[in-house]
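Here the structure is laid out as structure tokens; the discussion comes afterwards.
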Amino acid sequence: MLGRACHRGAPEGWALQRELEGAQIPLPIVFGHHDLLPGNFLDDGERLWLIDFEYAGFGTTMFDIAGATANAEMDEAQSEALLTAYFDMKPDEATWRAFDAMQGRALIREAMWAMVSDIHLAARWP
């Protein structure tokens, strides 16, 4: 359904976005990285470095948590461990719903970025 709604156009895509937004829980607005791919973490043996802040901005931490787990292909147990560590308690049903919805939004963003990149590269490299 996700891909179909995004492909068909604005009415279904906007309805899906409203549904995903409606699943969110109240969280503080923070400065986030918004591109937590495994390649944006560097470990020099003494310290962990986070690089590539070109998409950084304000939002909730749920975007970074959901994006990091999706990009690192974490399973449910690993995702639960990260959510538990961040919130200092096991996630309740509302937190899981918000997390799942935000993973959907993160995947939509990645898919849209892939389409834009493809168009951009095709225009530059015939």
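The values are calculated or read from the model by the stated rules, or taken from the named source; none is laboratory data. Note that the structure is predicted; figures quoted are calculated from it, not measured. FYI the Cβ positions are ideal-geometry reconstructions off the backbone, even for glycines, and counts take in every protein chain you see. Quick note on the areas: whole protein, heavy atoms, side chains included, nothing else; ligands and nucleic acids left out. Shrake-Rupley method; radii C 1.70, N 1.55, O 1.52, S 1.80 Å.
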Asserting the computed 222 nm helical MRE of the chain (DSSP H runs at least 4 long, -39500 (n - 2.57) per run, divided by residue count, to nearest 500) equals -19500 deg cm²/dmol
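Quick one: pull the percent of accessible area on the chain belonging to carbon and sulfur, 1.4 Å probe, ligands and nucleic acids left out.
Numbers: 5320 of 8670 Å².
Exposed carbon and sulfur together represent 61 percent of the surface.
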Answer in debye to the nearest 20: the dipole magnitude of the range 1-116 about its Cα centre, from +1 Lys/Arg and -1 Asp/Glu charges placed on Cβ, is 560 debye
Result for the chain: accessible area per residue, probe 1.4 angstrom, in square angstrom, of 69 Å²
For the range 94-104, Karplus-derived ³J(HN,Hα) couplings (6.51, -1.76, 1.60; θ = phi - 60°; whole Hz; x for glycine and proline) come out as 5, 5, 4, 5, 4, 4, 4, 5, 5, 4, x
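Take each of the peptides 90-101, 56-67, 40-51, average the number of other beta-carbon atoms within 10 Å over its residues, and list them starting from the highest.
Numbers: 90-101: 15.7, 56-67: 18.4, 40-51: 9.4.
Per-residue Cβ counts within 10 Å, averaged per peptide and sorted highest first, yield 56-67, 90-101, 40-51.
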What the Cα atoms of the chain span along the principal axes, largest first and in whole Å, is 47, 38, 26
Expressed in nanometres to one decimal, the distance between label points 7 Å along Cα→Cβ at Asp75 and Phe53 is 3.6 nm
